[in-house]
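Below: one structure, written as structure tokens.
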């Protein structure tokens, strides 16, 4: 009898993208029938199992970060990132001890990190507690923010990189080519690969939209952003919009109350983002790697900003948009109405560039993990599930 191997996916809830990537990867591994037991590991729950931080402060560590995103308070985050990394380094011996005990208790066969900043402690604790167990960092950003964000020096571990830029950064840090693995993009949920509705016009009418007019989808993460109010005001009479506010109910109420002659659909928290994207023609939002990848996968050119308020880990994304001609990068949204008019004049050009992108990362990563496990378990190879043989993705 062959023992089932255990794959741990490490995430946390700051920003939402890390958890979303972990859930997406867990889903495809289970759906395709890979012969592993897949566990989700919330890093903060491991480091604070008795929830002392919440009891002391009234909120979880990631809540502070998420509230700042919702309010648009992102200026100064580059300096705060350095402070956070300094605190992590000071706490390194304690973090390693806690994580060592976790690995000894749970005994994974492969650990996959989908989080930044903590990879030194995660790797060193695993290497000392369970020598020989491979460690993989899957970057959920389009590029690293050196130093010590995603890629650490002198760690014999594996990296999964979704862009040539990230791959070059890992190579420049001295990591061996055999431990560097390229994918065609970021991990996004399986739902974004499902075929579009056969009757888009009917669904648009059901939402109160005019199928004969272009529609923009405005999305600023799971907690929305006050910036959406200014965008909605500028486009209130010219462009119909779908505005996704996430958990920010106060923002949703304010958007619903705005005057304007163009159709407007205000959406609260939803897991059905693919459907709303299919109803749209272009995307307006912050340059987050997840939402950008999702929009491009759904065929939407993008309009984003890149300025002093842009978070450090998202600044390269503007360059990625320009290099691939996926949309427009603005200094601010103060004249987003002008940008929207310009995009609509050249919409077919932008759509053509977006269509050239082919992101299959969700279906590529399982094969990468299988190869890593196979090498660690030599001479025994990992058996590929029938659903994963041939093409790396289910037939579309």
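The values are calculated or read from the model by the stated rules, or taken from the named source; none is laboratory data. As the structure is a computational prediction, the values presented were derived from the model and not from experiment. No Cβ is skipped: glycine too gets one built from the backbone with ideal geometry, and neighbour counts run over all protein chains shown.
Key figures for this structure:
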{"quantity": "Residue among 257, 236 that is surrounded by fewer than 19 Cβ atoms within 10 Å (Cβ to Cβ), without any contact (Cβ under 8 Å) to a residue 60 or more places away in the chain and closer than 21 Å to residue 339 by Cα", "calculated": "236"}
{"quantity": "Candidate set: segment 330-367, residues that are without any contact (Cβ under 8 Å) to a residue 40 or more places away in the chain and either touching a strand residue (DSSP E or B) at 6+ places or on another chain (Cβ under 9 Å) or under 11 Å from residue 303 (Cα atoms) (or both); chosen: the one surrounded by the fewest Cβ atoms within 10 Å (Cβ to Cβ)", "calculated": "331"}
{"quantity": "Single residue of segment 263-286 satisfying the filter (free of Cβ contacts under 8 Å to residues at least 40 places away in the same chain and under 23 Å from residue 332 (Cα atoms)) that is farthest from the chain's Cα centre (by Cα)", "calculated": "264"}
{"quantity": "Unmet requirement for residue 75, which otherwise passes all of (1) out of contact with any helix residue (DSSP H, G or I) (no Cβ under 8 Å at 6 or more places or on another chain); (2) assigned to a helix (DSSP H, G or I); (3) at pLDDT below 85", "calculated": "(2)"}
{"quantity": "Evaluation of residue 382 against (1) assigned to a strand (DSSP E or B); (2) modelled with pLDDT under 95 (one fails), failing number", "calculated": "(1)"}
{"quantity": "Residues within segment 11-23 that are over 10 Å from the mean Cα position of the chain (by Cα), crowded, with 21+ Cβ neighbours inside 10 Å and closer than 19 Å to residue 364 by Cα, tallied", "calculated": "0"}
